[in-house]
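A.B. asks: Handing you a structure now.
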Amino acid sequence: MHVFIGVDIGTTSTIAVAMSRSGLPLASAARPSRLVSPQPGFAEADPAQWWSNTQEVLREMLARLPADADLAGICVTGMLPAVVLLDEGRNVLRPSIQQSDARCGAEVEAMKRELDEAAFLRRTGQGLTQQLVAPKLRWLKAHEPRIHTRIAHVLGSYDFINMQLTGRLTVERNWALEAGFVDLADHLVAPDLVALGGLRPDALPALAASHDVIGAVTAQAAQATGLPEGLPVFGGAADHIASALAAGLTQAGDVLLKFGGAGDIIAIAGKPEPDRRLFLDYHLVPGLYAPNGCMASSGSLLRWLAGLLGGSDGDDVLKLLDQEAADLPAGADGVRALPYFLGEKTPIHDPLARGTFTGLSLSHTRGHLWRAALEAIACGFRHHLDVLAGSGRPATRLLASDGGSRSRIWMQIVADICGQPVHVLSDAFGSSIGAAWVAAVGSGMAGWEDVAASVRIGTVLEPSSSSIMASDRIYADYRELYSSLKPFFQRGQLS
């Protein structure tokens, strides 16, 4: 039996899944990852922990496979664009600066003064925002110049794991596209775009498509992971785009809501249609594009909040808080929240935004805080749906994937606030299953059409008619609260 492996280097966890050629998950394992925020708006992680986690989850998952499993390929996915910096000896120079990091607001503003943003958007598909890698590199040059001068290679989270597996340096093309280094005219890395970050063009490794074979598992990596030496390793994939593939997202009108450490929303387009409010990626199916958005803190916010309210972010505490939230009415008895605890990316692109809770009294409980947080993140998804509809891409079907989609109360809240049914995928492995499919297609043992045929929808949650008025009020409050507090956020940054 041919088996394909997908590994997801997520914001809050590392997950490995083994999949049959028909798309059936056969075994899995997971380890938590630590997101560190040493200062407001900062988001960092330790690449060494990713590699340690990868070794552990692969060994555990392999031990659970049936005896007739014949491993045929592995593909790694991860958050994008995390920034991993290596020196000439391929040593990690500092913790990874995560995609949700918002430290480089001043550098973004400087780039806006230097460049024609409309022209940059047309050329790269990206707006001038904190998502780009160049402003992060500029921040390093200003604040950590000794690190910046030693940078020999810049790559992403899953590219780093690929290096550990194969000994080769590559960078998957969606990482380079969202980083702002690719010119859509020829789909190649442009030296002048890399230079915006103060680096030589050769600091960026060779581009690889997701389904390209970039190498094979080395003897050293085989000993560390339990994988067979010589196992083909594929180019890798951005986690949200891998989730879109696993969800069978290939038709206009289909929109995927991805409930991971960040909150992603992915649509489909047949051609690049840059929109400053969103990001643009290549779909893994050749010829398609994936306009998308990302809320900086979704699952990571909930795990942080669970640690404060319940003393742990373990699954038992999450389930208990969900139950307490489910026992409360829509609107959490007047408690409102903004989920901008790491600033915010799309669609507002405001690194100075901050998380808030308001409307609290001594009668409120931790369940009210939890429900308000769930509702706030759901409002963030609805905001993105408004943007898509306003640009001519209305959602006709909402799909939900990844770990947070296992929360029934959260999915019901999303259905209520978005006013549409939410189709929850029957497995919550989204990104890692999508990566496994990349390995299957890249190996020639499956086609892109096989992915959509294998998608299994589990629960479909319909909007509650009794919650329509409350949901509209919650969303209106959400939008008004940010508008009212935006000047305060800006003043707070200057104080």
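A.B. asks: Can you work out ³J(HN,Hα) from phi for every residue in the stretch 410-415, in order, using Karplus 6.51 cos²θ - 1.76 cosθ + 1.60 and θ = phi - 60°, giving whole Hz and x for Gly and Pro?
C.D. replies: 5, 5, 5, 4, 5, 4
A.B. asks: Over the stretch 73-156, what is the relative contact order in whole percent, taking alpha-carbon pairs under 8 Å and six or more residues apart? Present the calculation step by step, with values, prior to reporting the outcome.
C.D. replies: On the way: 102 pairs, mean separation 34.5, N = 84.
About 41 percent, as a whole number.
A.B. asks: Starting from the eigenvalues of the Cα gyration tensor, five times each then square-rooted, give me the equivalent ellipsoid semi-axes of the stretch 263-398, largest first, whole Å. Provide the component values of the computation, followed by the final result.
C.D. replies: Details: eigenvalues 202, 45, 39 Å².
They are 32, 15, 14 Å, listed from largest to smallest.
A.B. asks: OK, next. So what's the stretch 2-240 giving for Rg/Rh, alpha carbon basis, Kirkwood Rh from the mean inverse pair distance? Kindly include the intermediate steps, with their values, before the conclusion.
C.D. replies: Numbers: Rg = 18.1 Å, Rh = 18.3 Å.
In the stretch 2-240, Rg relative to Rh is 0.99.
A.B. asks: Could you sort 186-199, 40-53, 458-471 so that the peptide with the highest average Cβ count within 10 Å comes first and the rest follow in order?
C.D. replies: Numbers: 186-199: 17.0, 40-53: 19.6, 458-471: 14.6.
Output ranking for 186-199, 40-53, 458-471: 40-53, 186-199, 458-471.
A.B. asks: Net charge near A16: determine it from the other residues with C-beta under 12 Å of the C-beta of A16, scoring Lys and Arg +1 and Asp and Glu -1.
C.D. replies: Working: positive: R31, R59, R64; negative: D8, E56, E60.
Charge balance in the 12 Å sphere: 0.
A.B. asks: While we're looking at this one, here's another question. Run the numbers for D116 and A453: contour at 0.36 nm per residue of separation, minus the present Cα-Cα distance, in nm.
C.D. replies: Length difference between fully extended and current span is 116.9 nm.
A.B. asks: Per the Cauchy relation, a quarter of the hull surface: what is the mean projected area of the convex hull of the alpha carbons in the stretch 1-72, in nm²? Intermediate values should be presented prior to the final figure.
C.D. replies: Working: hull surface 20.7 nm².
Mean shadow area of the hull around the Cα atoms is 5.2 nm².
A.B. asks: Ok, one more. Grab the other residues whose beta carbon is less than 12 angstrom from that of L165, score K and R as +1, D and E as -1, and report the net. Display every interim value, and only then the final one.
C.D. replies: On the way: positive: R168; negative: D159, E229.
Summing Lys and Arg as +1 and Asp and Glu as -1 gives -1.
A.B. asks: Binning at 10 angstrom from zero up to the longest distance, how are the C-alpha pair distances of the stretch 370-415 distributed in percent?
C.D. replies: Spelled out per bin, shortest first, that is 24, 52, 23, 1.
A.B. asks: For the chain, what percent of Cα pairs sit more than 28 Å apart? If you can, show how the numbers build up before the last one.
C.D. replies: Details: 60099 of 122265 pairs.
The calculated P(r) of the chain puts 49 percent of pairs beyond 28 Å.
A.B. asks: Now for a separate question. What is the ratio of the Cα radius of gyration of the stretch 369-495 to 2.2 N^0.38 Å, where N is its residue count, to two decimals? Walk me through the numbers on the way to the answer.
C.D. replies: Numbers: Rg = 18.2 Å, N = 127, 2.2 N^0.38 = 13.9 Å.
That works out to 1.31 for the stretch 369-495.
A.B. asks: On to the next question. Kindly flag which residue pairs out of K112/K486; K345/K486; K112/K271; K258/K345; K319/K345; K112/K136 have an alpha-carbon separation exceeding 22 Å in this structure.
C.D. replies: Values: K112/K486 20 Å; K345/K486 14 Å; K112/K271 26 Å; K258/K345 15 Å; K319/K345 28 Å; K112/K136 14 Å.
From the list (K112/K486; K345/K486; K112/K271; K258/K345; K319/K345; K112/K136), the Cα-Cα distance tops 22 Å for K112/K271; K319/K345.
A short reminder: the numbers here are calculations on the coordinates, not readings from a lab. In this text, all values refer to a predicted model and were calculated from it rather than measured experimentally. Don't worry about glycine lacking a Cβ; one is built from the backbone with ideal geometry, like all the others, and counts go over all protein chains shown.
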